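All remarks here apply to the structure that follows.
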């Protein structure tokens, strides 16, 4: 009988339960999504440029589990607050406490299992959806990623079942402890206003100090290595929480202290609501800030890896195209491109080496890159080779014993030849390279060739053409070696780009995948927490309406209040990202390339959640006007 | 309409749609309250007194009839106009105080003025003045949880009065107070009425509270039943009220 009753009242409170269910489903599906990557170590290891990627995933899994536990605890107390009044009433009417506890236990567990079923399905759909989306967007095909992954499913079910069992038990115990009157009178507690004293200032200082230390560790990651990673992550996290616990309430209090601002329209109420929120949401806000940092950081990291592919190839090669003995197709393709600079150099080749004409080189000296991996800056523009070549002949790649009477090719010329002209190690295979004057050149017996260097406006625009050109150059190398079976590796700009891209795309995929997962989790965490407390605010808005506050003012107050709640963690989180990207500086040329892309993605997701939260909250606290 | 603050003409309120089961909460009530009056509305539960208060306080719309407050017809107003009207021309005291517990007493009282865009400085003077009148100037910086029920109701009264409303509407203001605090509040209200010419309409079912009024309207089954005027002292008036109530109860029982 009682079960029937409780079931029918659950149906009546469908709307509240829906909020709860949606929250649980989101958390479960994201947990599953994460596990499909984390547990698939073949995929993560095979597709990452970071050898210690598994550590990153383990830390991530731990964090996610931690957050999920918090999430479930919130969800649980929300559930309890929904039911306690009614269950208390049954007890007053004479139902046995054991029976009521039992009802609550099963209710919580059933709710959890329902959420698990839906969450698993949503998780699988979400994983394959986001997986496909990313693969299409990023033009990659991560082999070995399975949206439906049985170990991940096991992990999710195991983890959440244990959690739900624990929370159900806690609920039952809590109920068993409370008296009938406690239950019926629930919700009437007031917001306690704590005075903030010297302790708060100390906590705030400690928080700032820890964040500063964390930032320092991240910036000096080159020196501190893995230790820096741990110090950075640990100190920043704890510091963030401390700041939200101490500094934010003080800040809101200061807003309220401004009498003029406070007396304006509904501001007194808006600020009071805000103060209540920052006091009760400190931990959530801290968590949200950290999740934002992780989410945006993961995306920015992934994106930076991809963007760095271009940087790496551009830092190595100035010329987008190097063609030895260009064919008719090459010229046709070149004709369609927007060529900025194009030089052609003659050379002869015999079995001992390559002989370039000094006059050709000096007439059109090539550009060389001034960037090195150790010391990269986008300010370093390519420079033209200016070194004079007074001697009749120079040599590089020489065997130690031979030609020892010849001058070594000067440094800049050597760089130009090795990075821009010689496109494959296979071209050399024992041959030397010489720069010789006209007279010597005429005396050399080998076959005559020419090499064309070209710079175009944006080489990524011409990927198919470049690919075809590289293909023909490979064939050319095979031909000059008269060895069709030979494996040839090119190091033109495009080949470099392609190779590094393949190498980093897996990392980028994971970055975006994780980033979106974290962001979705974060925002739903915040939304859920705000909504679960909304019923309490109903009376306040009703009161204001009675004394004659315009509807539009009330709505404005909600927008302002929630905006501020949303904006604080966003600011802190983004600052963390900006500093935290330093972490990648030891592996990436420029961690900050296109950082605005993940920032924009984040802001878009966040704005959508903000809007939905405001609308849902409004629906709860403001009655529909007749 | 020279001195009349409130004019209610033939007001009807029907709940429920046509064709369905309808309930007639008000069946044509007319009444007039002059400036400076202290009028009580009494009646058994279900008689329609709360509905009457709701339509007068613009929280609900009458189905039929006309309501004018200080010369303004409120039955034709739009939503925002109504909200503004409430915040500028009406003062409310509710049984459960309706203070916002997350604001200080000062902020609660200041709210109606803030809504009207009164400068911060002026708000300060006005709040302090009304707080002195109601003897709560010591607790302005406290929060509702930190003060007693009597103080809460005084704070609510201060909020209702701070913007100089045309009429103060009180809904069972003593309902949640002990007898000592109730008495003190009623004395304050009659003080406000006599010394500050505040017009008050109070809904109550408590004869003792009602005895502080100058005139009492009794309603039953959505209609005005009778009205009595206080002529002598409060004690005699109290007896008079009890008599009418007995009569009301009797008529109820017989039918």
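The values are calculated or read from the model by the stated rules, or taken from the named source; none is laboratory data. This one's a predicted model, so the numbers in the text were calculated from it and none came from an experiment. Heads up, the Cβs are rebuilt from the backbone with ideal geometry, glycines too, and the neighbour counts pull from every protein chain shown.
If residue B:116 meets every condition in (1) surrounded by 22 or more Cβ atoms within 10 Å (Cβ to Cβ); (2) modelled with pLDDT under 80; (3) more than 14 Å from residue A:262 (Cβ to Cβ) apart from one, which number is that one?
(1)
Quick test of your reading of the structure: residue A:333 fulfils all but one of (1) outside any loop (DSSP other than H, G, I, E, B); (2) within 14 Å of chain B (Cβ to nearest Cβ). Name the failing condition by number.
Looking at each condition in turn, residue A:333 falls short on (2).
Of everything in the stretch B:127-142 that's surrounded by 16 or more Cβ atoms within 10 Å (Cβ to Cβ) and part of a helix (DSSP H, G or I), which residue is farthest from the other protein chains (Cβ to nearest Cβ)?
By that ranking, first place goes to B:133.
Taking only the stretch A:254-291 into account, find how many residues are within 14 Å of chain B (Cβ to nearest Cβ) and part of a helix (DSSP H, G or I).
In the first step, residues of the stretch A:254-291 are kept if they are within 14 Å of chain B (Cβ to nearest Cβ); the result is A:255-280.
Still in the running and part of a helix (DSSP H, G or I): A:255-257, A:259-262, A:267-280.
Total satisfying the criteria: 21.
Go through A:571, A:519, A:553, A:622 for me and flag whichever is touching a helix residue (DSSP H, G or I) at 6+ places or on another chain (Cβ under 8 Å), farther than 22 Å from residue B:79 by Cα and at pLDDT 75 or above. Explain how you work it out, then say what you get.
Working: A:571 fails: touching a helix residue (DSSP H, G or I) at 6+ places or on another chain (Cβ under 8 Å); A:553 fails: farther than 22 Å from residue B:79 by Cα; A:622 fails: farther than 22 Å from residue B:79 by Cα.
So the residue among A:571, A:519, A:553, A:622 that is touching a helix residue (DSSP H, G or I) at 6+ places or on another chain (Cβ under 8 Å), farther than 22 Å from residue B:79 by Cα and at pLDDT 75 or above is A:519.
Does residue B:145 satisfy being over 27 Å from residue B:6 (Cβ atoms) and either surrounded by fewer than 20 Cβ atoms within 10 Å (Cβ to Cβ) or within 12 Å of chain A (Cβ to nearest Cβ) (or both)? Steps first, please.
Values: over 27 Å from residue B:6 (Cβ atoms): yes; either surrounded by fewer than 20 Cβ atoms within 10 Å (Cβ to Cβ) or within 12 Å of chain A (Cβ to nearest Cβ) (or both): yes.
Yes, satisfied.
Please state which of the following conditions residue B:111 fails to meet, knowing it meets all the rest: (1) at the interface with chain A (Cβ under 10 Å from one of its Cβ atoms); (2) free of Cβ contacts under 8 Å to residues at least 24 places away in the same chain; (3) assigned to a helix (DSSP H, G or I).
Only one criterion is unmet by residue B:111, namely (2).
Hey, among A:486, A:472, which residue is modelled with pLDDT under 85, more than 20 Å from residue A:366 (Cα to Cα) and touching a helix residue (DSSP H, G or I) at 6+ places or on another chain (Cβ under 9 Å)? Working first, answer last.
Values: A:472 fails: modelled with pLDDT under 85.
When all the criteria are applied, what remains is A:486.
Criterion first (within 14 Å of chain B (Cβ to nearest Cβ), more than 15 Å from residue A:575 (Cβ to Cβ) and in a helix (DSSP H, G or I)) does residue A:251 satisfy it?
no
Would you be able to say whether some residue in the stretch A:225-246 is closer than 30 Å to residue A:28 by Cβ, assigned to a helix (DSSP H, G or I), modelled with pLDDT under 75 and assigned by TED's automatic domain parsing to the domain that holds residue A:281?
At the first step, the residues of the stretch A:225-246 found to be closer than 30 Å to residue A:28 by Cβ are A:229-230, A:233-234, A:236-238, A:240-241, A:244-245.
Still in the running and assigned to a helix (DSSP H, G or I): A:229-230, A:233-234, A:236-238, A:240-241, A:244-245.
Within this subset, residues satisfying the condition of being modelled with pLDDT under 75 are A:229.
Still in the running and assigned by TED's automatic domain parsing to the domain that holds residue A:281: A:229.
Among the residues of the stretch A:225-246, at least one is closer than 30 Å to residue A:28 by Cβ, assigned to a helix (DSSP H, G or I), modelled with pLDDT under 75 and assigned by TED's automatic domain parsing to the domain that holds residue A:281, which makes the answer yes.
Given the residues B:235, B:197, which is the only one that is at pLDDT 80 or above, loosely packed, with under 12 Cβ neighbours inside 10 Å and within 17 Å of the chain's Cα centre (by Cα)?
On the way: B:235 fails: within 17 Å of the chain's Cα centre (by Cα).
Within the list B:235, B:197, the selection yields B:197.
Residue check, residue A:428 against (1) surrounded by 14 or more Cβ atoms within 10 Å (Cβ to Cβ); (2) more than 17 Å from residue A:477 (Cα to Cα), all met but one. Which one?
(2)
When you check residue B:173 against the structure, is it free of Cβ contacts under 8 Å to residues at least 40 places away in the same chain and either within 11 Å of another protein chain (Cβ to nearest Cβ) or crowded, with 24+ Cβ neighbours inside 10 Å (or both), yes or no? Explain how you work it out, then say what you get.
Working: free of Cβ contacts under 8 Å to residues at least 40 places away in the same chain: no; either within 11 Å of another protein chain (Cβ to nearest Cβ) or crowded, with 24+ Cβ neighbours inside 10 Å (or both): yes.
The answer is no for residue B:173.
Does residue A:501 satisfy the condition of being over 20 Å from residue A:352 (Cβ atoms), in contact with a strand residue (DSSP E or B) (Cβ under 7 Å, 6 or more places away or on another chain) and at pLDDT below 85?
Values: over 20 Å from residue A:352 (Cβ atoms): yes; in contact with a strand residue (DSSP E or B) (Cβ under 7 Å, 6 or more places away or on another chain): no; at pLDDT below 85: yes.
Taking the combined requirement at face value, the residue does not satisfy it.
If you take the residues of the stretch B:89-108 that are at the interface with another protein chain (Cβ under 7 Å from one of its Cβ atoms) and farther than 23 Å from residue B:50 by Cβ, which of them is surrounded by the fewest Cβ atoms within 10 Å (Cβ to Cβ)?
Top of the filtered list is B:101.
Could you tell me how many of the residues in the stretch A:545-566 are within 13 Å of residue A:613 (Cβ to Cβ) and without any contact (Cβ under 8 Å) to a residue 24 or more places away in the chain?
Result for the stretch A:545-566: 0.
Of everything in the stretch A:524-544 that's at the interface with chain B (Cβ under 9 Å from one of its Cβ atoms) and touching a residue at least 12 places away in the same chain (Cβ under 8 Å), which residue is farthest from residue A:612 (Cα to Cα)?
Residue satisfying both the conditions and the ranking: A:544.
Within the stretch B:43-50, is there a residue that is over 30 Å from residue A:276 (Cα atoms) and in contact with a helix residue (DSSP H, G or I) (Cβ under 7 Å, 6 or more places away or on another chain)?
Our first condition is that a residue be over 30 Å from residue A:276 (Cα atoms); within the stretch B:43-50, this holds for B:43-50.
With in contact with a helix residue (DSSP H, G or I) (Cβ under 7 Å, 6 or more places away or on another chain) added as a condition, the list becomes B:43-44.
Yes, the conditions are met somewhere in the stretch B:43-50.
Residues B:28, B:48, B:36, B:40: which one is touching a strand residue (DSSP E or B) at 6+ places or on another chain (Cβ under 9 Å) and farther than 28 Å from residue A:547 by Cβ?
On the way: B:48 fails: farther than 28 Å from residue A:547 by Cβ; B:36 fails: farther than 28 Å from residue A:547 by Cβ; B:40 fails: farther than 28 Å from residue A:547 by Cβ.
One residue alone meets the criteria, B:28.
Can you confirm whether residue A:100 is out of contact with any strand residue (DSSP E or B) (no Cβ under 6 Å at 6 or more places or on another chain), at pLDDT 75 or above, under 25 Å from residue A:615 (Cα atoms) and surrounded by 14 or more Cβ atoms within 10 Å (Cβ to Cβ)? Quick ask: steps written out before the conclusion?
Details: out of contact with any strand residue (DSSP E or B) (no Cβ under 6 Å at 6 or more places or on another chain): yes; at pLDDT 75 or above: yes; under 25 Å from residue A:615 (Cα atoms): no; surrounded by 14 or more Cβ atoms within 10 Å (Cβ to Cβ): yes.
Spelling it out, it is not the case that residue A:100 is out of contact with any strand residue (DSSP E or B) (no Cβ under 6 Å at 6 or more places or on another chain), at pLDDT 75 or above, under 25 Å from residue A:615 (Cα atoms) and surrounded by 14 or more Cβ atoms within 10 Å (Cβ to Cβ).
Quick grid of which residues meet (1) surrounded by fewer than 18 Cβ atoms within 10 Å (Cβ to Cβ); (2) assigned by TED's automatic domain parsing to the domain that holds residue A:606; (3) touching a strand residue (DSSP E or B) at 6+ places or on another chain (Cβ under 8 Å):
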site: A:487; (1), (2), (3): yes, no, no
site: A:535; (1), (2), (3): yes, yes, no
site: A:542; (1), (2), (3): yes, yes, no
site: A:550; (1), (2), (3): no, yes, no
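In the stretch B:117-126, how many are at the interface with chain A (Cβ under 9 Å from one of its Cβ atoms) and either touching a residue at least 24 places away in the same chain (Cβ under 8 Å) or within 12 Å of residue B:87 (Cβ to Cβ) (or both)?
Residues of the stretch B:117-126 at the interface with chain A (Cβ under 9 Å from one of its Cβ atoms): B:117-121, B:123-124.
Subsequent filtering for residues that are either touching a residue at least 24 places away in the same chain (Cβ under 8 Å) or within 12 Å of residue B:87 (Cβ to Cβ) (or both) retains B:117-118.
Count: 2.
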